[in-house]
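> Here you go, one structure.
The values are calculated or read from the model by the stated rules, or taken from the named source; none is laboratory data. Computed from a predicted structure; not experimentally measured. Using ideal geometry, Cβ is built from the backbone for each residue, glycine included, and neighbour counts are taken over all protein chains shown. Remember, those area values only see protein heavy atoms, side chains included, never the ligands or the DNA or RNA. Shrake-Rupley method; radii C 1.70, N 1.55, O 1.52, S 1.80 Å.
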Amino acid sequence: MEVKIVREESFDVVVCGGGTAGFCAAIAAARNGANTAVIERFGAFGGTMTVGGVNAPALFHAHGKQIIAGIGWELMTKLAENGYASLPPEPYDLRHPQMAVELNAFQAETEIDRMMKKAGVHVFFHQSVVYAESENGHISSVLIGTTNGLERIKAKVFIDCTGDASVCAMAGAEIEISDELQPASLNCILYNAEHVVQDRSARQKDFCDKVEKGEMDAHDCWGMAAGALLTGHGRGRGYTYRENYVINAGNNLNHVYPFNGADNESRTKGEMEGRESIARVIKWLNGIPGYENTYVASCSPTVSARESRIVVGNAYITGEDYVNGVVTSESVCYSFYPIDIHRGKDETKPLDNVYLSKGNVPGIPMGALIAKGFDNLMMAGRIASGDRRAQSAYRVQASCMAMGEAAGTCAALAVKNGVSVDKQNVDEVKKTLFKNGAIVPGME
């Protein structure tokens with residue numbers, strides 16, 4: 001079978017996926033002199049932070065001090081300066097759900113567009129990688145689906161920021177995937193919710209009774225904590241009820257289970273069930289005083305996954321190393337969040353959380369961002385190399401931003417120096433990151 005290639009383009013660095021890791025990777029590569037392109041399947045940047053509806057990046061701070069800065073924090077502060085984000089309050093010692101940055105997703109998308117243009121990144125919106133041409137641990141090009149047919153994109157370095165390791169899997173990289181994956185969430189914004197004092201215990205009992213009768217599903221409100229839909233407490237920073245419903249209603253409150261974002265059949269079924277879940281919740285809410293006229297004002301176009309494939313890299317982060325705050329000379333950025341495994345099979349069980357002791361702030365080694373056995377394939381974000389316990393923590397958005405910037409910087413330097421990414425000097429990467437405003441382990 002002959003396949004027609006309608007066009008061919010070449011770049012130094014190609015980032016596949018423009019989510020929280022990908023947008024930072026692309027901007028970092030371009031700012032460091034690489035001719036850079038980013039391929040994004042949606043029409044906006046930001047991934048789970050914007051398109052996915054989880055507009056609360058975390059965590060930039062740990063134990064009272066900032067541990068992640070750079071391009072991601074540049075976006076946060078720019079939005080805050082213009083009134084489109086609320087930064088966590090000093091002295092940065094609240095519980096982790098209260099330490100996220102609350103932001104306006106639309107303004108974040110727009111600001112990232114501006115950052116991309118200024119950096120000179122070539123953008124491919126509404127296009128996905130459909131094939132990776134790979135041989136002997138080297139990707140020569142990828143094929144993307146366009147409105148005119150298949151286009152070949154060549155690059156010296158590729159960075160997989162797809163969230164599901166699609167490019168790495170197509171290229172034949174070593175992949176790990178758990179037998180049971182964490183549930184995902186489909187996020188929405190509710191409208192016409194009015195504050196009425198509720199008998200929360202009665203409402204909780206009603207929800208559980210309806211689950212027993214099959215009118216509701218246990219996954220419709222994760223942990224079966226239906227009160228989260230009725231209180232408007234958001235992340236607990238003292239916002240008024242109405243403000244919370246502008247910012248946080250419907251955010252991250254359901255579980256779509258089972259769900260594997262790396263499996264098309266599972267994703268298709270999950271997208272449909274996610275909408276059914278929200279519809280059941282709305283029907284239930286419409287029978288509660290203050291919610292009679294509540295409806296979904298907007299819904300994310302995609303279910304946001306917490307876990308799917310993980311790429312095995314030249315380094316591997318274990319849950320034990322993460323909790324113990326292991327930092328080595330190879331660490332290019334920090335990450336901070338509790339071990340945070342959502343249970344899907346039994347919603348009555350609490351989250352599997354392990355909190356990091358004061359002073360423990362783990363580092364992400366450069367090798368965890370380089371696919372094992374490849375000389376020009378990197379990855380960043382929740383697919384970085386590690387076990388599922390560590391991944392449940394470093395998958396959060398601020399950590400993904402830090403990893404993306406590190407990967408983009410390494411890729412640009414490798415191209416500049418004429419070496420493979422696995423041979424690129426880590427100290428040079430760290431010095432460049434530090435010079436560009438990132439917080440780098442050992443260089444504070």
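> From 36, 20, grab the single residue that is β-branched (Val, Ile, Thr), closer than 24 Å to residue 185 by Cα and crowded, with 24+ Cβ neighbours inside 10 Å.
Values: 36 fails: closer than 24 Å to residue 185 by Cα.
When all the criteria are applied, what remains is 20.
> A further question on this structure: Looking at residue 70 and the list (1) closer than 25 Å to residue 184 by Cα; (2) touching a Gly at 6+ places or on another chain (Cβ under 6 Å), which single condition is not satisfied?
Answer for residue 70: the failing condition is (1).
> Please state which one of 310, 282, 278 is β-branched (Val, Ile, Thr), touching a helix residue (DSSP H, G or I) at 6+ places or on another chain (Cβ under 7 Å) and at pLDDT 90 or above.
Details: 282 fails: touching a helix residue (DSSP H, G or I) at 6+ places or on another chain (Cβ under 7 Å); 278 fails: touching a helix residue (DSSP H, G or I) at 6+ places or on another chain (Cβ under 7 Å).
Answer to the check: 310.
> List pairs: first in the range 55-68 and touching a residue at least 24 places away in the same chain (Cβ under 8 Å), second open to solvent by 20 Å² or more (accessible area, probe 1.4 Å) and assigned to a strand (DSSP E or B), Cβ under 7 Å, 6+ apart or cross-chain?
Every condition considered, the pairs that remain are 60/66; 67/334; 68/334.
> With (1) assigned to a loop (DSSP other than H, G, I, E, B); (2) more than 15 Å from residue 378 (Cβ to Cβ); (3) touching a helix residue (DSSP H, G or I) at 6+ places or on another chain (Cβ under 6 Å) as the list, and residue 53 as the residue in question, which single condition is left unmet?
Failed condition: (3).
> Just to be sure, is residue 250 open to solvent by less than 30 Å² (accessible area, probe 1.4 Å), at pLDDT below 85 and in a loop (DSSP other than H, G, I, E, B)? Show your work before the answer.
Details: open to solvent by less than 30 Å² (accessible area, probe 1.4 Å): yes; at pLDDT below 85: yes; in a loop (DSSP other than H, G, I, E, B): yes.
So residue 250 fits the description; yes.
> Sticking with this structure for a sec: Give the residue that is farthest from the chain's Cα centre (by Cα), with candidates limited to residues of the range 285-327 that are of a type in the set (Phe, Trp, Tyr) and open to solvent by 60 Å² or more (accessible area, probe 1.4 Å).
The first filter runs over the range 285-327 and keeps only residues of a type in the set (Phe, Trp, Tyr), leaving 291, 295, 316, 322.
Subset that is open to solvent by 60 Å² or more (accessible area, probe 1.4 Å): 295, 316.
Details: 295: 27, 316: 19 Å.
It comes out as 295.
> I'd like the residue in the range 100-117 that is open to solvent by less than 10 Å² (accessible area, probe 1.4 Å) and part of a helix (DSSP H, G or I) and, out of all such residues, is farthest from residue 40 (Cα to Cα).
108
> What do you reckon, is residue 186 among the aliphatic types (A, V, I, L, M), out of contact with any Phe, Trp or Tyr (no Cβ under 9 Å at 6 or more places or on another chain) and more than 21 Å from residue 290 (Cα to Cα)? Spell out how you get there, then give the answer.
Details: among the aliphatic types (A, V, I, L, M): yes; out of contact with any Phe, Trp or Tyr (no Cβ under 9 Å at 6 or more places or on another chain): yes; more than 21 Å from residue 290 (Cα to Cα): yes.
In short, yes.
> Any idea which residue in the range 162-198 is surrounded by the most Cβ atoms within 10 Å (Cβ to Cβ), counting only those that are among the hydroxyl-bearing types (Ser, Thr, Tyr) and part of a strand (DSSP E or B)? Steps first, please.
Taking the range 162-198 first, the residues among the hydroxyl-bearing types (Ser, Thr, Tyr) are 162, 166, 178, 185, 191.
So of that shortlist, the ones also part of a strand (DSSP E or B) come out as 185, 191.
On the way: 185: 29, 191: 15.
Across the range 162-198, the extreme among qualifying residues is 185.
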